[in-house]
1. Looking at the range 305-334 only, could you name the residues that are closer than 23 Å to Glu219 by Cα and either open to solvent by less than 60 Å² (accessible area, probe 1.4 Å) or near the ligand (Cβ under 8 Å from one of its atoms) (or both)?
2. Quickly run through the range 95-109 and pick out the residues that are farther than 17 Å from Ala41 by Cα and either assigned to a strand (DSSP E or B) or open to solvent by 10 Å² or more (accessible area, probe 1.4 Å) (or both).
3. Checking the structure you have, find out if any residue of the range 79-98 is touching a strand residue (DSSP E or B) at 6+ places or on another chain (Cβ under 9 Å) and closer than 21 Å to Gln184 by Cβ.
4. Considering only the range 294-303, I want to know if a residue exists there that is under 21 Å from Gly153 (Cβ atoms) and assigned to a strand (DSSP E or B).
5. So, in the range 258-282, of the ones that are within 7 Å of the ligand (Cβ to nearest atom) and farther than 12 Å from Val224 by Cβ, which residue ends up surrounded by the fewest Cβ atoms within 10 Å (Cβ to Cβ)?
6. Output the residues belonging to the range 243-257 that are near the ligand (Cβ under 9 Å from one of its atoms), part of a helix (DSSP H, G or I) and touching a residue at least 24 places away in the same chain (Cβ under 8 Å).
7. Answer with yes or no whether Gly60 is crowded, with 16+ Cβ neighbours inside 10 Å, in contact with a strand residue (DSSP E or B) (Cβ under 9 Å, 6 or more places away or on another chain) and not basic (Lys, Arg).
8. Between a residue in the range 135-154 that is within 16 Å of the ligand (Cβ to nearest atom) and any residue that is among the hydroxyl-bearing types (Ser, Thr, Tyr) and open to solvent by 30 Å² or more (accessible area, probe 1.4 Å), which pairs come within a Cβ distance under 6 Å, given they are 6 or more apart or on different chains?
Amino acid sequence: MRKYSKEEFAMNMTEYKDIVVYIETADKSPVKVGLEMLSPARKIAENTGGKVRAVLIGDGIRTAAQKAAESGADEVILIEDPQYESFHLDYFTNVMESVIKEEKPVAVLVGGTQDGKDLAPRLAARLKTGCVSDVMDLRTEDGKIVYTCPLYGGTVLQDVVMETSVPQIAVLRSGAFKKTEEAQKGTITEKKVPVTDEKVRLNIKDAVKEISEAVNLEEAEVIVSGGRGMGSKDNFALVKELADLLGGVVGATRPAIEDGWISRVHQVGQSGKIVAPKLYIACGISGATQHVSGIMNSDYIVAINKDEDAPIFEVANIGIVGNAVNVLPVMIEEIRKK
Ligand code: FAD
């Protein structure tokens with residue numbers, strides 16, 4: 001792959017039409033962002049006149065491939081091999097490189113997971129093409145794909161156009177796109193893409209699983225988060241109590257973590273997790289951009305803050321001005337009555 005002049009690129013945009021979506025799996029199921037990416041991919045493919053091709057790499061992932069075929073892909077390219085049972089950067093980069101060279105898509109979408117963020121730039125370097133990260137929106141304009149991404153913790157949104165690269169690699173933010181509702185039945189094509197050992201430089205000798213709390217903030221439908229305004233570890237227990245009651249997950253701001261009230265895996269925001277729950281309850285949180293940039297895709301935000309001018313109220317659907325340490329027990333009591 002190479003860089004094109006603007007004129008050549010315009011010609012190639014008509015030649016390169018398809019969108020490849022790399023769908024990562026976890027425990028043999030597609031990750032949430034994997035299926036979410038199929039809806040913007042369809043939107044772009046409608047404009048380029050191309051097809052949406054999902055790529056799944058793993059072992060024992062046929063059910064995951066079927067799910068992708070029923071969620072908006074025209075074709076699912078299923079690459080199964082015991083060697084690919086778990087993510088290995090070298091193997092997966094080589095497999096994706098080979099698929100992309102064969103399919104010649106205009107764009108390759110990769111989910112913004114830990115592994116996706118590792119894979120995408122490496123693929124772009126391998127293909128000598130452009131890579132844009134943290135994409136929150138996608139559209140076509142004058143035959144070009146426009147990627148919208150946040151800057152300065154989400155205070156500014158920038159539109160990125162890769163004028164001279166094909167295929168373009170884009171890392172899409174988890175939760176920024178809604179899964180397509182119309183069921184579209186795509187086909188599944190099985191492919192064998194062996195990777196020769198000389199192409200693998202990374203040798204994983206052992207995988208050590210850290211025994212830590214399982215916190216799945218990215219997939220949670222309800223998150224109750226606490227900030228410095230909770231005042232102490234004991235008060236922070238109220239946040240957990242409400243989260244448990246609502247069947248949700250506990251989130252936290254960086255200061256709450258730094259004060260030792262809860263572990264780092266609960267951090268929400270720019271340097272924590274980007275979340276997209278149906279309900280986000282922010283307790284004693286000021287609404288700094290670094291925190292808010294991680295919650296902007298929540299469907300509904302409730303904020304409790306004793307300062308009526310707190311910036312969190314600018315993004316909240318419901319604002320409660322009051323002392324969270326007094327408000328939370330009332331909420332908990334009322335919910336218990338239901
Ligand atoms: P504060 O800003 O101190 O706000 C506390 C709020 O609680 C205030 O609004 C106050 O009015 C209110 N309050 C006080 N007492 C009560 C009470 N009894 N009841 C109700 N309300 C009360 N932060 C993150 O959260 N996530 C990140 O990922 C993150 N990444 C960062 C990355 C960088 C590079 C930098 C520089 C900063 C980052 N931060 C992050 C920190 C961020 O800038 C803010 O400092 C942080 O989000 C503020 O946390 P807070 O709202 O808990 O605390």
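The values are calculated or read from the model by the stated rules, or taken from the named source; none is laboratory data. Note that the structure is predicted; figures quoted are calculated from it, not measured. Note: ideal-geometry Cβ built from the backbone for every residue, glycine included; neighbour counts use all protein chains shown. Surface accessibility is based on the protein's heavy atoms, side chains included, excluding ligands, DNA and RNA. Shrake-Rupley method; radii C 1.70, N 1.55, O 1.52, S 1.80 Å.
1. Ile312, Val315, Ala316
2. Glu97, Ser98, Lys101, Glu102
3. Among the residues of the range 79-98, not one is touching a strand residue (DSSP E or B) at 6+ places or on another chain (Cβ under 9 Å) and closer than 21 Å to Gln184 by Cβ, which makes the answer no.
4. yes
5. Top of the filtered list is Ser271.
6. Arg254, Pro255, Ala256
7. So Gly60 fails the test.
8. Taking only residues 6 or more apart or on different chains, the pairs are Gly153/Thr289; Gly154/Thr289.
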